[in-house]
Amino acid sequence: MVSKYFDKYNTEGNMTPKRLFEKLEGPFDWNGTISEKLADEAGVYVINAKGWDWKLDYPYGKSDIIYIGESEDIGRRLKEHKNSGRNHGLAGYANRLRLNIYFRKVYHISDLKKNEAYMINQFENMYGRAPICNGQTPNLD
């Protein structure tokens, strides 16, 4: 659960994806060639809105992070997000906002779900819920 530390301090504006999660590469423009660059790359990724002028209200602060995911082929998965956006309105955000992609390669496929769950839980502990386009908090087991 969230500690009292987070109740005392406003998290607005001080936690970029790179500060919140270790060893992320990026930012890369969602509309750039990042899908091609990450074709056949396994890893975890974070999608956030560009710039400091747009943030979502979460229970314990504001953040521009809207989605955290994992895939055995990040490039293919990003294309799927653009085309269908089945992840709780992700395509709608992509149509209205300029988005960035951050990613970290995961070399053991068996570690993908564990890495994603850890990142979502870390976000949830900081902000009081999973990112808006993540439907649920995965289990760390």
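Of note:
- The range 28-103 shape via C-alpha gyration tensor axes, a/c threshold 1.5: prolate
- The figure for GLU72 is an accessible area of roughly 110 square angstrom, using a 1.4 Å probe on the protein chains alone.
The values are calculated or read from the model by the stated rules, or taken from the named source; none is laboratory data. Since this is a predicted model, take the numbers as computed values, not measurements. All accessible areas refer to the heavy atoms of the entire protein, side chains included, with ligands and DNA or RNA removed. Shrake-Rupley method; radii C 1.70, N 1.55, O 1.52, S 1.80 Å.
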